[in-house]
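The values are calculated or read from the model by the stated rules, or taken from the named source; none is laboratory data. Bear in mind that the values here come from a model prediction, so they are computed numbers and not experimental data. All Cβ positions, glycine included, derive from the backbone under ideal geometry; neighbour counts span all protein chains shown. Surface areas here come from the heavy atoms of the whole protein model, side chains and all, with no ligands, DNA or RNA. Shrake-Rupley method; radii C 1.70, N 1.55, O 1.52, S 1.80 Å.
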Amino acid sequence: MYYSLRNLFYKYVLTFFLIVLVIYSFKVTEIDLLSLFGGLSTSFDILREMWPPDFSNIDSYLMLVLETIGVGATGATIGILFSFPLAFLMAKNTSPNKYVYSIVKGFVNALRAIPELVYALILVSSIGIGSLPGIVAIILHTVGLATKFYAEAIESIDEKQVEAIKSTGSSGIQVIRHAIIPQIMPLFTGYTAYIYDHNIRVAVGLGIVGAGGIGIELYRRIRQFHYDKVATIIILIVLIVSLISKLSDYIRNSILEGKFFSQKTKILDSTITALSLLLILTSVFTISYQIPGIISAMPRMIETFSYMLPPHFGDFNEYLRLTIETIGMAITGTIFASVIAFIVAVFSSKNIIKIGFIRKVFIEIANFFRGMPDIIFALFFVVALGLGPFPGVLALAFSSAGLLAKFYTEVIENIDEKQIE
C-alpha cells in the first residue's frame with residue numbers, strides 16, 4: 001500500500017513537472033502564431049521568386065550534390081569502422097570490465113553531445129574550406145551515434161546462445177563470431193542503412209559552414225537572393241535524399257523481414273549490394289587520399305583547441321539562458337512535430353485510408369519532410385520570420401515530423417484489427 005501510494009505520488013509530481021516544463025518551453029521560445037500568419041506573405045513572396053527554377057547550372061549542381069554524398073558516405077564508412085569494436089567495449093554484456101565500459105561510454109557520449117555543425121565550424125577554422133572538415137566532423141559524430149546503436153543491439157541479444165557456445169570451450173572471439181554476430185546482423189544492417197541516410201542529409205548542412213558540397217552553393221545563392229537557383233538546388237537535394245531514404249528503408253525492411261536476396265529480388269539486391277560495396281571502397285580510398293591533409297592539419301587543429309583553454313565563464317549567465325532557450329526549442333519543436341506527424345501518419349496508413357492516391361500523397365509529404373535537411377527549413381523560416389527561437393522551433397517541427405510520421409505509420413499499421421472490428 002505504501003509503495004503504491006508513493007508511486008502514485010511520483011507519477012503525479014512527474015506529470016505536473018512535465019506540464020510546467022512544456023508551458024515554460026512555449027513561453028521561452030516566444031511562440032507567436034500571429035507572427036507566423038503575418039510571415040506567410042513573405043513566405044509566399046519567396047516561393048513566387050523560386051518559380052520557375054533555374055536549371056542553367058544543373059551540371060555543376062549535380063557535381064556538388066555528388067560531392068555532398070561523398071562527404072556523408074565517407075564520414076559514415078570510417079565512423080562505422082571505428083564504432084564496431086567500440087560497441088563491444090560499451091555493451092554491458094561484452095565489455096571486459098566496468099572501467100572499460102565507463103571510459104568508452106563517457107567518450108562516446110561526449111562525441112554525441114557535440115553537434116556535427118560545431119565540429120565542422122572548428123575544423124573549417126583550423127583546416128580551411130573544403131570537404132575534409134566535413135568528412136572528419138561526420139566521422140566524429142558517427143562514432144558517437146553508431147556506437148550507441150550497436151551497443152544497444154549487442155545488449156539485446158539472447159544470452160542463452162552465448163552460454164551454449166561458451167559451454168563448448170570456445171574462445172571470446174569464437175563466441176562473438178558464432179553467438180553474437182548472427183543475432184545482431186539484422187539490427188546492425190538496419191542501423192547502418194539509417195546512419196548513411198542520416199549523414200548524407202547532415203552533409204548538406206555542413207556545407208553551409210564551408211565543409212564542402214552543395215551546402216556552400218546553397219547558402220551563397222540564398223545570400224544573393226537568387227531564389228530561382230535556390231529552388232533548383234533544393235529540388236535536387238530533396239530528390240537525391242528521398243531516393244537514398246527509400247533505398248535505406250528498402251534495405252533495412254528487407255533484412256529485418258528476412259526477404260533480402262529472396263528469389264524475387266535477387267537481381268535488385270545483388271545490384272544494391274554491389275553499389276554499396278563500391279560506395280564503401282570509394283569512401284575508404286577517399287579518406288586514405290585525405291590522410292596526408294589530416295596529418296598536416298593536426299598542428300592547426302591543436303592550436304585551435306588550445307585557444308579554447310582555459311574556458312571563459314564571464315558570460316556564463318547568458319550562455320545558461322541560451323541553453324535553456326535551446327532546450328525549450330527542442331521540447332516545443334518535438335510537440336509540434338508530433339502533432340504534424342500524427343496527422344500525416346493517419347492519412348498514410350493503409351489500414352485507415354483505403355484510397356491509394358490520398359495515402360501516396362501523404363507518404364510523399366512525409367518523404368519530403370524527411371528529405372529536406374533541417375538547416376534548409378531553418379534558413380527558410382528565418383528569412384520569412386526573422387531571427388529568434390520561433391523559426392528554429394518550426395524548423396525542428398517540420399524536419400522531425402517526417403521521421404516521426406514514418407514511425408507512427410508503422411505503429412498504426414501494426415495495430416490489432418480485432419479491436420477496430
Review point. With respect to A345, is the statement that it is in contact (Cβ under 8 Å) with a residue 24 or more places away in the chain and out of contact with any Asp or Glu (no Cβ under 6 Å at 6 or more places or on another chain) true?
Key: yes
Review point. Looking only at residues in region 211-270 that are at pLDDT below 80, assigned to a helix (DSSP H, G or I) and among the acidic types (D, E), which one is nearest to the chain's Cα centre (by Cα)?
Key: D249
Practice item. Examine region 59-75 for a residue that is over 27 Å from the mean Cα position of the chain (by Cα), open to solvent by 50 Å² or more (accessible area, probe 1.4 Å), at pLDDT 80 or above and not β-branched (V, I, T), and state whether such a residue exists. Key: yes
Review point. Can you find a residue in region 372-380 that is within 24 Å of L236 (Cα to Cα), open to solvent by 60 Å² or more (accessible area, probe 1.4 Å) and touching a residue at least 12 places away in the same chain (Cβ under 8 Å)?
Key: yes
Practice item. Just give me the residues in region 318-340 being under 17 Å from L394 (Cα atoms) and open to solvent by 70 Å² or more (accessible area, probe 1.4 Å), in sequence order. Key: T326, I327, T334, V339
Practice item. Tell me, please, whether a residue that is in contact (Cβ under 8 Å) with a residue 40 or more places away in the chain and among the aromatic types (F, W, Y) can be found in region 73-87. Key: yes
Check your understanding: Looking at this structure, is S400 open to solvent by less than 20 Å² (accessible area, probe 1.4 Å) and in contact (Cβ under 8 Å) with a residue 60 or more places away in the chain?
Key -> no
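Residue under question is R6, and the condition is that it be in a helix (DSSP H, G or I), of a type in the set (K, R) and modelled with pLDDT under 75; does it hold?
Yes: the conditions hold for R6.
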Review point. On the given criteria, is F368 within 17 Å of V202 (Cα to Cα) and surrounded by fewer than 20 Cβ atoms within 10 Å (Cβ to Cβ)?
Key: yes
Exercise for review: Considering only residues that are assigned to a loop (DSSP other than H, G, I, E, B) and small (G, A, S), look in region 106-137 and name the one that is nearest to the chain's Cα centre (by Cα).
Suggested key: G130
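Within region 46-63, can you find the residues that are of a type outside the set (F, W, Y) and in a helix (DSSP H, G or I)?
I46, L47, R48, E49, M50, I58, D59, S60, L62, M63
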Practice item. Looking for whichever is assigned to a helix (DSSP H, G or I), open to solvent by 30 Å² or more (accessible area, probe 1.4 Å) and out of contact with any Asp or Glu (no Cβ under 7 Å at 6 or more places or on another chain) here; the options are I180, I103, I78. Which one fits? Key: I103
Check your understanding: What number goes with the only condition from (1) farther than 25 Å from F26 by Cα; (2) touching a residue at least 24 places away in the same chain (Cβ under 8 Å); (3) open to solvent by 20 Å² or more (accessible area, probe 1.4 Å) that Q419 does not pass?
Key -> (2)
**Study point:** Selection count where residues are within 24 Å of the chain's Cα centre (by Cα), of a type outside the set (A, V, I, L, M) and under 22 Å from I420 (Cα atoms), scope region 326-359
**Key:** 3
Check your understanding: Within region 341-361, can one find any residue that is under 30 Å from F225 (Cα atoms) and either among the hydrophobic types (A, V, I, L, M, F, W, C) or surrounded by fewer than 21 Cβ atoms within 10 Å (Cβ to Cβ) (or both)?
Key -> no
Revision key, fill the gap. Note on region 106-153: residues among the polar types (S, T, N, Q), open to solvent by 40 Å² or more (accessible area, probe 1.4 Å) and farther than 19 Å from F84 by Cα are S125
Check your understanding: Which ones in region 154-177 are assigned to a helix (DSSP H, G or I), within 30 Å of the chain's Cα centre (by Cα) and surrounded by fewer than 19 Cβ atoms within 10 Å (Cβ to Cβ)?
Key -> E155, I176, R177
Practice item. Report whether or not F390 is under 26 Å from Y250 (Cα atoms), modelled with pLDDT of 80 or more and either touching a Leu at 6+ places or on another chain (Cβ under 9 Å) or not β-branched (V, I, T) (or both). Key: no
Practice item. Just need a number here: residues in region 183-205 that are small (G, A, S) and open to solvent by 30 Å² or more (accessible area, probe 1.4 Å). Key: 0
